[in-house]
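Working notes, structure below.
The values are calculated or read from the model by the stated rules, or taken from the named source; none is laboratory data. This structure is a prediction, so every number in the text was calculated from the model and none was measured. All Cβ positions, glycine included, derive from the backbone under ideal geometry; neighbour counts span all protein chains shown. Protein only, heavy atoms only, side chains kept; ligands, DNA and RNA dropped before computing areas. Shrake-Rupley method; radii C 1.70, N 1.55, O 1.52, S 1.80 Å.
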Amino acid sequence: MDPAHSGTRWLVLLGNLRAVSFDEPALQSQIGSFQMSTPASIQLTKRVLDLGGTRLNVLSRRAHNAVPVLFLHGFPTFNGVWREVMRFLPDDFDCHAADLRGFDRSGAPLSGMSFSLLHGVADVVGLARLLSPDRKVVLVGHDIGGMIAYLTAARHPDIVEELIVLNGVHPVAFQHALLTDRKQILASDYLDDLCHPHAASVLAADDFRQLRKAFCRMLNGNEMPEGLEEELLSIWRRPGALEGMLAWYRANRFQRADPNVSAVSTAAPSDAALSERISQPHLLIWGTPDPYLLEVNCRLVDAFCDNLALMKLEDAGHAPHLTCPDKVAQGISHFLSGRVAKPD
């Protein structure tokens, strides 16, 4: 079977190209004893953690003596987008979702340079050491949170045991795509818009009409989770909120080739670039279609990974944790089952 053309949801382990159907009955039989958590049985708590100058808002589903999992959201959201995934995960995971600095109620440093990806990595390392001082964490990231997760895993294998990314890109692989893949170059026009000095006022105009439209594109026509639009609008309306979110794009600018030039580069990533390797077992969950990050990124990231598994969720769009959180939770649990040693 060719998983790329099977028309079904699938899981493919790159390297040996073993494809597994992701239709629910088949997956349930592979998971065996996996049971979804009942949403009503889950208690979520909020707290602000001080990382020595940067205060981050953290949403947790605590579980005693369980595998620690740290979730990182993307633009333009907040830690609450992980609620449903946490609710569907089995209770042997200790789940924590952090607001990135500058988002929602997480303190934003004054300097724009403090929003580099490496500052995000430092925040994750600080959180991991605070939340799980005695063992490594499973790191889960989406969009910008995915970029931060990739760099954290590459540079801190002492912190990250397993890596899971949803529709996110390895920053070095993404830079390569922006120089070599004409379709991804065109799909990334929005990067220039988000870096414009007046981007915040443009996005906020007419009660955030453009930002709401962009967010709906992420969902690929799927229904927005109940109450989420009101939560997002409440966050976006806070003074300076959009500037904090946009600071990530301004501090981490990527070079894009001109898509109108016939000779777009075909050079492979350099050995130095490939040094940002992911040695941990890594699951990439990819919702399709994604209007912002194209599937070429799934192929490019393989060169940076020692042990990559790819799971596609058809019609889930750019934010599968919002459009099909049950499937995402199933994939996470199935991937980690038997891989991560449970605490004694």
(request) Find the Cα radius of gyration of region 159-215, compare it with 2.2 N^0.38 Å by division, and give the number to two decimals. (result) 1.49
(request) Using only the Cα atoms of region 69-167, construct the convex hull and provide its projected area averaged over every direction, in square nanometres to one decimal. (result) 6.2 nm²
(request) Would you list which aspartates and glutamates come within 13 Å of K312, measuring only between C-alpha atoms, while excluding same-chain residues fewer than 8 positions from it? (result) D23, D290, E295
(message) Just to make sure I understand: if all protein chains stay in place, what is the order of D92, D158 by accessible area at 1.4 Å, largest first?
(response) D158, D92
(request) Obtain the nm distance between the two label points defined at L44 and D192 by a simple spin-label model: each point lies 7 Å from its Cα along the Cα-to-C-beta direction. (result) 3.8 nm
(message) Starting from 0.36 nm per residue, how many nanometres of slack lie between D258 and H64 once their C-alpha separation is accounted for?
(response) 64.6 nm
(request) List the residues of region 288-327 whose backbone N lies under 11 Å from a point placed 7 Å from the Cα of R277 along the Cα-to-Cβ direction. (result) 304-307
(request) Round to a whole angstrom and tell me the spacing of the C-alpha centers of region 95-155 and region 297-333. (result) 20 Å
(request) Please arrange H176, H196, H64, H170 by accessible surface area, largest first, computed with a 1.4 Å probe and ligands excluded. (result) H64, H196, H176, H170
(message) Please compute the modelled spin-label separation between E295 and R55, points set 7 Å along Cα→Cβ, answer in nm with one decimal.
(response) 4.6 nm
(message) Per-residue counts of other Cβ atoms within 10 Å, averaged by peptide: what ranking do you get for 142-149, 205-212, highest first?
(response) 142-149, 205-212
(request) Determine which lysines satisfy two conditions relative to K136: a Cα distance under 16 Å, and not lying fewer than 8 residues away in the same chain. (result) K342
(request) Compare the peptides 232-238, 76-82 by average per-residue count of other Cβ atoms within 10 angstrom and give them in order, highest first. (result) 76-82, 232-238
